[in-house]
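A.B. asks: Can you keep this structure in mind? I'll have questions shortly.
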Amino acid sequence: MKKYVNKLSFLVLLAALSACKISKNVETPNAALPENFRNAATADTISIADLPLNSFFTDASLQRLLDSAIVKNYDMQVALKNIESAQLLFKQTKFAYLPSANLNIGVGSNRPSDNSLNGLSASSFLGTSHIEDFTANVGLSWEADIWGKIRNRNGRALAEYLQTIEAKNAIQTNLVATVSQGFYNLLMLDAQLAIAQKNLALNDSTLRIFGFQFTSGQVTSLAIQQAEAQRLTAAKLIPQLQQSIILQENALSILAGELPGRTQRDINLDQVSFPKTLSAGVPSAMLNRRPDIRRIELALDIANANVGIAKASMYPSLVITASGGINSFKASNWFSIPASLFGLASGGITQPLFQRNLLKTQFEVSKVERERTVIQFRQSVLYAVGEVSDALVKIEKLKEQEDIAATRVKTLEQAITNSNLLFQSGMANYLEVITAQSNVLQSELELVAIKRAQLGANVDLYRSLGGGWK
């Protein structure tokens, strides 16, 4: 007997030593990264993505909105519940190496045929036509983790749990960007509404002047009609912008997990400020900050574990079972110890035969899934680098556009003053006055839109670098 035990122990030890050869994990691939981001002003290793929310978004009203969104937003709440659920499942993995135990208590009664062997035996030896059985036992079953199947399952559970954390961080990053973009859009609409109201007042003044000159016969009714049409163009913008403001406020309220209502803002568009130096840092550091990239890295861990599990399923499994308890055919002797005690132990090796092709197919599929995950990782890195570069070039070129647009607005404002003076002196016609007013309205609206786009580019840079979840 000892000889067979030693052989079995040797086989188990040999299998355990060979387990590492069953499945070779694929390490996180080296993604193609540039030394510096395109259009980056400096090669500083410090990145704005390392700044916490309240340091990057300094306005108190926006900070309150972001704090509310992070706590009350329903997508965030669902993400937290996903983390809680995955954490409970992961905690169970520590029991995976322990044997399973079952407590069984059974009472049975069997009435065999009087002409059967059991019936004759019961009648002769027990003096009864019924055979009763009273059993209480504990059964144990344990599968040796020879090929690393349990280890891979535990690793997969850990990666899935960590994925839920990264998913929550990714949701928060996008939520912060969406709320801040919506807030700056609201400030832009406020500024555009003020421009439309100012331009409407200017058109009212021009229309009054045209009215006086029409009475004195200096202009025709066509001039009055043209001025009125220009006034109505500015007037039509006001309800449009008011509608857009209310819709944007409703959207921000819902993102913040609140009923639609007014959004408090303590600043205007020109007062918003960001850190003077918007350093992007180095591309390699971005990979460690972006939750979506970290999540797909964990997906590679899961794919590796699935390959190991699929491969291990093709090999023999060693299962050891044992049970012990008390058994008696009389209730009065059920708990008579040690006479009623019994025990049983067995071990077996199971090798799949007819499922070999199916298991091999599952193994090949898991390898393909792993290769696809590697491709997705490289793709996500490429997209991430592109997003950062896009944000950097937007910031640079929008600044140039803002300078040009601001100069154009100043020129057109001076043109309005000059056109009014020339018109009053009879050196310009009414069309030149109306054209100057129309041009300045469009230019001021365009300048505000460019400023809003600049703020949005700053937010895009912060998000694309992995900021917003700290």
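The values are calculated or read from the model by the stated rules, or taken from the named source; none is laboratory data. Predicted model only: the values in this text are computed from it and were never measured. Here the Cβ positions follow ideal geometry from the backbone for every residue, glycine too, while neighbour counts run over all protein chains shown.
A.B. asks: Answer yes or no as to whether Gly261 is in the same structural domain as Gly182 (by TED's automatic domain parsing), over 22 Å from Ile395 (Cβ atoms) and not β-branched (Val, Ile, Thr).
C.D. replies: Spelling it out, Gly261 is indeed in the same structural domain as Gly182 (by TED's automatic domain parsing), over 22 Å from Ile395 (Cβ atoms) and not β-branched (Val, Ile, Thr).
A.B. asks: Among the residues of region 234-244, is there at least one that is in contact with a Lys or Arg (Cβ under 6 Å, 6 or more places away or on another chain) and surrounded by 14 or more Cβ atoms within 10 Å (Cβ to Cβ)?
C.D. replies: Among the residues of region 234-244, not one is in contact with a Lys or Arg (Cβ under 6 Å, 6 or more places away or on another chain) and surrounded by 14 or more Cβ atoms within 10 Å (Cβ to Cβ), which makes the answer no.
A.B. asks: So for region 323-340 (the condition being crowded, with 16+ Cβ neighbours inside 10 Å, closer than 28 Å to Ala96 by Cβ and modelled with pLDDT of 85 or more), does at least one residue qualify?
C.D. replies: Yes, the conditions are met somewhere in region 323-340.
A.B. asks: Listed residues Gln197, Gln218; which is modelled with pLDDT under 95 and more than 23 Å from Leu441 (Cα to Cα)?
C.D. replies: Gln218
To keep it simple, each residue is scored yes or no on (1) surrounded by 13 or more Cβ atoms within 10 Å (Cβ to Cβ); (2) part of a loop (DSSP other than H, G, I, E, B).
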residue	(1), (2)
Ala285	yes, no
Leu298	yes, no
Asp301	yes, no
Met314	yes, yes
Gly343	no, no
Ile349	yes, no
Gln379	no, no
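A.B. asks: Same structure again: Please state which one of Lys399, Lys330 is within 30 Å of Ser121 (Cβ to Cβ) and in contact (Cβ under 8 Å) with a residue 12 or more places away in the chain.
C.D. replies: From the options Lys399, Lys330, the qualifying one is Lys330.
A.B. asks: Would it be correct to say that Leu447 is at pLDDT 90 or above and surrounded by 15 or more Cβ atoms within 10 Å (Cβ to Cβ)?
C.D. replies: yes
A.B. asks: Filter region 272-305 down to residues that are among the polar types (S, T, N, Q) and at pLDDT 90 or above, then give me how many there are.
C.D. replies: Within region 272-305, residues that are among the polar types (S, T, N, Q) and at pLDDT 90 or above number 1.
A.B. asks: Give me a count of the residues in region 135-176 that are surrounded by fewer than 20 Cβ atoms within 10 Å (Cβ to Cβ) and under 30 Å from Asn104 (Cα atoms).
C.D. replies: Total satisfying the criteria: 15.
A.B. asks: Exactly one condition in (1) assigned by TED's automatic domain parsing to the domain that holds Glu166; (2) in contact with a strand residue (DSSP E or B) (Cβ under 6 Å, 6 or more places away or on another chain) is false for Pro275; which is it?
C.D. replies: (2)
A.B. asks: Right, next: Output the residue which, of all residues in region 391-400 that are surrounded by 17 or more Cβ atoms within 10 Å (Cβ to Cβ) and out of contact with any strand residue (DSSP E or B) (no Cβ under 8 Å at 6 or more places or on another chain), is farthest from Gly467 (Cα to Cα).
C.D. replies: Here the answer is Leu398.
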